Structures are given as structure tokens and as C-alpha cells.
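Peer 1: Below is one structure. I have some questions about it.
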Amino acid sequence: MEIPGHNYFLFGPYLIRIDVHESLCKKLLEDGKKLKTSHSPFLAGKIKKQLAYYTNFKYYQKEFQPYINSWINGWYRQLGCQPKVKGKLTSLWINFQKAGEHNPIHMHTNADLSFALYLNAPIEMINEKDESQGLDPGRISFIYGEDRVHTISERPFTPKKNTMFMFPANLRHYVSSFKSNVERISVAGNIKFENAIKQKR
């Protein structure tokens, strides 16, 4: 007997992966290497070098706006209605993660939306395997709901250069450590929603 087809339904946090223009990533890296102000006091990461972007912040607000709009439009499309909010970038920082450093399970407070953008993806790190923990080194992992049979409660992803994940700020996530003598560089940011937009009738 032929196996019948079926529909399936995704629900839960709206997590997207989106390619970011190379010119923006290049500028983020160039500016990031010049930063001096530590952002670590505001972060959960066990990473020594986490630096905040303060100069050129309005420029970055403008450059990230199309990506923020993409998430908002996609989410409201899932809801079947016109967007009711606008998003505004409120904080931006760069992480220079080295061997042995990690980001524990956490979520972002005082924000509605967050993102993680990868400026590199060292092949040495990606090729590592940690058999003792069952974790892929340097991967980002998102956790939602209960861990039970027939349910996917965790989604791990391998970093890819110039690729960004955008997700609700209260979605739990973490980054595993690695052993290779390389530097994993990512940029993260927070967004607040504001200004309700009137629905078209």
C-alpha cells in the first residue's frame, strides 16, 4: 500500500537563518577589531573578549533594519495579519571566542528580538568532535519546550560565515566550547519593538 502524504505544522519560536551582505560583515569586523569597551558585564558568556559597538551605532541601526523587517514580516505572515510593530536595534557587540571559552544556556533580557551573526567559521573548530559530551564544538544551540518523545526541543546549528540567526530574545540558547587554536568571531545584537502600525482595512 502506498504511504499517504500529509501536512505538518511548525509552531513555537520564530527562528530564522538569513544571509547578511558581505560588505556589512566586513565593516563589522574592521570596526570590531578597533573596539575597546567591554560588554561582558551585561552578558552571560564565559568569553574574555566581548566588546560593544558605540561608534557608528546609527549607521548599524540603518544597516540591520532590513533584516529586522524581514523577521517581523515573516512572523506576522505566519500569524496571517499585517505587522503591528517596528523593530529598532538597541545594542550591538562582538565576541572573539577562543579555545575553552563558551556561552552557557541563557536568554536576552530587556529585548524583544536578538540575533547572532557569524563573521568567520574556522574549519579546525568545525571538524572537532567531543565524544565525551556529545556536543559539536563551537555550535550554537536553541532550546525550547520540554524534552520528551516525538518532540524536538533543541536545534543545533553550525556557524557559517556571513550568516545570521534571528530569534525571540527569550529563546534559550548556548554556544559550546572548542579546543582548536582558532578564534570564532560573532556579532550579536538586541532589538526592541515600538510604534504600533495601524492595520490596513
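Peer 1: If I filter the range 65-100 down to residues being touching a Lys or Arg at 6+ places or on another chain (Cβ under 9 Å) and of a type in the set (Lys, Arg), which single residue comes out as farthest from Arg17 (Cα to Cα)?
Peer 2: Among them, the one singled out is Lys98.
Peer 1: Can you confirm whether Lys84 is surrounded by fewer than 18 Cβ atoms within 10 Å (Cβ to Cβ) and either modelled with pLDDT of 95 or more or among the small types (Gly, Ala, Ser) (or both)?
Peer 2: On the way: surrounded by fewer than 18 Cβ atoms within 10 Å (Cβ to Cβ): yes; either modelled with pLDDT of 95 or more or among the small types (Gly, Ala, Ser) (or both): no.
Judged against the criteria, Lys84 is not a match.
Peer 1: What about Ala99, is it in contact with a strand residue (DSSP E or B) (Cβ under 7 Å, 6 or more places away or on another chain) and within 30 Å of Val182 (Cβ to Cβ)? Steps first, please.
Peer 2: Working: in contact with a strand residue (DSSP E or B) (Cβ under 7 Å, 6 or more places away or on another chain): no; within 30 Å of Val182 (Cβ to Cβ): yes.
Judged against the criteria, Ala99 is not a match.
Peer 1: Here is a list: Thr163, Thr158, Thr151. Which entry is without any contact (Cβ under 8 Å) to a residue 24 or more places away in the chain, on the phi < 0 side of the Ramachandran plot, among the β-branched types (Val, Ile, Thr) and surrounded by fewer than 22 Cβ atoms within 10 Å (Cβ to Cβ)? Working first, answer last.
Peer 2: Values: Thr163 fails: without any contact (Cβ under 8 Å) to a residue 24 or more places away in the chain; Thr158 fails: without any contact (Cβ under 8 Å) to a residue 24 or more places away in the chain.
When all the criteria are applied, what remains is Thr151.
So that you can scan it fast, the table gives a plain yes or no per residue for (1) surrounded by 14 or more Cβ atoms within 10 Å (Cβ to Cβ); (2) under 19 Å from Met164 (Cα atoms); (3) among the aromatic types (Phe, Trp, Tyr); (4) at pLDDT 95 or above:
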position: Pro4; (1), (2), (3), (4): no, no, no, no
position: Ser23; (1), (2), (3), (4): no, yes, no, yes
position: Tyr53; (1), (2), (3), (4): yes, yes, yes, yes
position: Tyr59; (1), (2), (3), (4): no, yes, yes, yes
position: Phe64; (1), (2), (3), (4): yes, yes, yes, yes
position: Leu79; (1), (2), (3), (4): no, no, no, no
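Peer 1: If Leu117 satisfies every condition in (1) buried (at least 19 other Cβ atoms within 10 Å of the Cβ); (2) in contact with an Asp or Glu (Cβ under 6 Å, 6 or more places away or on another chain) but one, which is the exception?
Peer 2: (2)
Peer 1: Separate question: Which pairs have Cβ atoms under 8 Å, sit 6 or more apart or on different chains, and link a residue in the range 88-112 that is surrounded by fewer than 19 Cβ atoms within 10 Å (Cβ to Cβ) to one that is of a type in the set (Asp, Glu)?
Peer 2: Qualifying pairs under 8 Å: Lys88/Glu194; Phe96/Glu183; Lys98/Glu183.
The values are calculated or read from the model by the stated rules, or taken from the named source; none is laboratory data. These figures come from a predicted structure and were not determined experimentally. So basically every Cβ, Gly included, is an ideal-geometry build from the backbone, and we count neighbours across all protein chains shown.
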